[in-house]
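K.L.:
There's a structure below that I have some questions on.
The values are calculated or read from the model by the stated rules, or taken from the named source; none is laboratory data. All values reported here derive from a predicted model rather than from experimental measurement. Neighbour counts run over all protein chains shown; Cβ positions are idealised from the backbone, glycine included. Heavy atoms of the whole protein, side chains included, go into the accessibility calculation; ligands, DNA and RNA do not. Shrake-Rupley method; radii C 1.70, N 1.55, O 1.52, S 1.80 Å.
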Amino acid sequence: MSAVSLPPPSADTALAVFLVEDDPVVRHGCEQALALADLPVQGFADAEAALAALVTAPSAYGVGVVVTDVRLPGRDGLSLMAELRQRDPDLPVILITGHGDVAMAVEAMRQGAYDFIEKPFPSDRLVESARRALDRRALILENRRLKERLADQDNHPLAGLIGQSPAMQQVRRLVEAVAPTGVDVLINGETGAGKEVVARALHAASGRKGPFVALNCGALPESVFESEIFGHEAGAFTGAGKRRIGKIEHASGGTLFLDEIESMPLALQVKLLRVLQERVVERLGGNTLFPVDCRVVAASKADLEAESAAGRFRADLYYRLNVVTIDLPPLRERREDIPLLMAHFCRQAAQRYGRPVPDPDPELVARWQAYDWPGNVRQLKNIADRLALGLAALLPPAAPREAAPGGVMDGMGGMGDAADSPAAADLGLAARMDAVEKRCIEAALRQCGGQVSRAAERLQLPKKTLYDKLHRHGIDPERFRAGPAA
């Protein structure tokens, strides 16, 4: 068996149908039907010619699906499929069979064929099957690119700051600029938005050799808070049998991360302010000042300026911390990052639990991108864990919010429409999914002011694939031009 290496198409490469049919009349008819449906196609008279072309696929087109007759001169279609699947198990292969080959084709489906079409067949049967296979291939290739990108970033200090949204690009720029300086940093963000991830990235990119020490100010009782953060001498209080080094001293040479700093008792905020100003610490029950060299990264889910104005947080400490502020956006404000984050978390969960990496379908991804994520990135990570464990990735109902025109928000956080109405209850699954897909595309176009290229980016689809879906659903982008661009 000759070696066949399928060249990986780039993100900008259109995916083509490779058609293998020895009958020139049938081949020409199939090529014409696919071309009229705006599907790129290349025809071949035998398996050998197709394999040669697959190895050196033109730069303009990558192989998206192979459609092959079972009966071919020389190597037959089943042999071709076996070799292609050996080289790339995810490449869809559609078999064209004669009446007497149906049993053989059914067996081939068990062996991994994507579909089989029995002769004679209407052209729309071929077009629909090829279109579905191309959509699936595009999603698989995009997932591969995401995984490769994540793998390349794993050893980078900012590997945890995942996302290509403008907001996350700004966060990365700030971290890269501030990390080497040693200045103290305040991170603002909602619960679960990833404030500790940003703090760890600051530490990793700083070059500091000491430890990263994290302390949640909201999780400590006030009675032990002072001892925990500043340390104590032996006999400082009942039960203090020996000296204890506090978190600030332990972090010397490294980074001290104070999460939920808005919860720190007011009396201890004065002592922390002195540490930040003088870089010395005095243990509870002692009189000696110990120099410390640690960077302090504080995080808050509250507006510290408003808290200080209300007297619940010391204004002098707020202004001391507010030299550099990093505002971390909630997940609902960077929905375009959800597929990349989910791919990363699914890969992590699969490694952690010893399971295969889950491959969510496009409809599920669309629902995730429509959901509000009140628990932010932490909630998304939990969903990835459920997927890796083979559990249903159901989302709780989101807080009520305005529905998109023509649709409602359903309990999954997805875009509901006619597909979810009682009148549609008798529709088949494929028809209902088509309705959901159409509504998601229309919502993206509305948000992007009818700009197809921006909508394709928002939906994480190749532009060619989105144009195919627009044609299939009869959606005219022009009618969304008056809408606001997102």
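K.L.:
Applying 1/(1 + (r/R0)^6) with R0 = 56 Å to the Cβ-Cβ distance of residue 110 and residue 324, what FRET efficiency is obtained, to the nearest 0.05?
P.N.:
0.40
K.L.:
Return the lysines within reach of residue 195: Cα separation strictly under 27 angstrom, same-chain partners fewer than 8 residues apart disregarded; answer none if there are no such residues.
P.N.:
147, 209, 247, 271, 301, 381
K.L.:
Now a separate question. With r as the distance between the Cβ atoms of residue 453 and residue 48 and R0 = 35 Å, compute the FRET efficiency 1/(1 + (r/R0)^6) and round to 0.05.
P.N.:
For residue 48 and residue 453, the calculated efficiency is 0.35.
K.L.:
Quick one: ranking 114, 319, 371, 353 by accessible area, 1.4 Å probe, largest first, what do you get?
P.N.:
319, 353, 114, 371
K.L.:
Between residue 476 and residue 124, what FRET efficiency comes out of the Förster formula 1/(1 + (r/R0)^6) with R0 = 25 Å and r the beta carbon distance, rounded to 0.05?
P.N.:
0.70
K.L.:
I've got another one for you. Suppose accessible area is computed on protein heavy atoms with a 1.4 Å probe; arrange 243, 132 from highest to lowest.
P.N.:
Greatest to least solvent exposure: 243, 132.
K.L.:
Gain in length, residue 287 to residue 140, computed as 0.36 nm per residue apart minus the alpha-carbon separation, to one decimal in nm?
P.N.:
Length difference between fully extended and current span is 46.5 nm.
K.L.:
Leaving out same-chain residues fewer than 8 places away, which lysines sit with a Cα under 17 Å from that of residue 469?
P.N.:
Answer for residue 469, where 17 Å is the Cα cut-off: 438, listed by chain and number.
K.L.:
Given 0.36 nm per residue, what is the gain on full extension from residue 181 to residue 55 after removing their alpha carbon distance, in nm?
P.N.:
Here the answer is 40.3 nm.
K.L.:
How much length is gained if the chain between residue 309 and residue 243 is pulled fully straight, taking 0.36 nm per residue apart and subtracting their Cα-Cα distance, in nm to one decimal?
P.N.:
20.0 nm
K.L.:
Please report the accessible area of residue 46 (heavy atoms, 1.4 Å probe, ligands and nucleic acids excluded) in Å², nearest 10.
P.N.:
Solvent-accessible area, nearest 10 Å²: 50 Å².
K.L.:
So, one more: Using the Cα gyration tensor of segment 211-251, with a ≥ b ≥ c the square roots of its eigenvalues, what is the shape: rounded (a/c below 1.5), prolate (a/b larger than b/c) or oblate (neither)?
P.N.:
Because a/c hits 1.5 or more and a/b fails to exceed b/c, segment 211-251 counts as oblate.
K.L.:
On to the next question. Based on a Kirkwood Rh over C-alpha pairs, give the Stokes-Einstein translational diffusion coefficient of segment 240-336 at 37 °C and viscosity 0.692 mPa s in µm²/s.
P.N.:
Value of D from the Cα-based Kirkwood radius: 218 µm²/s.
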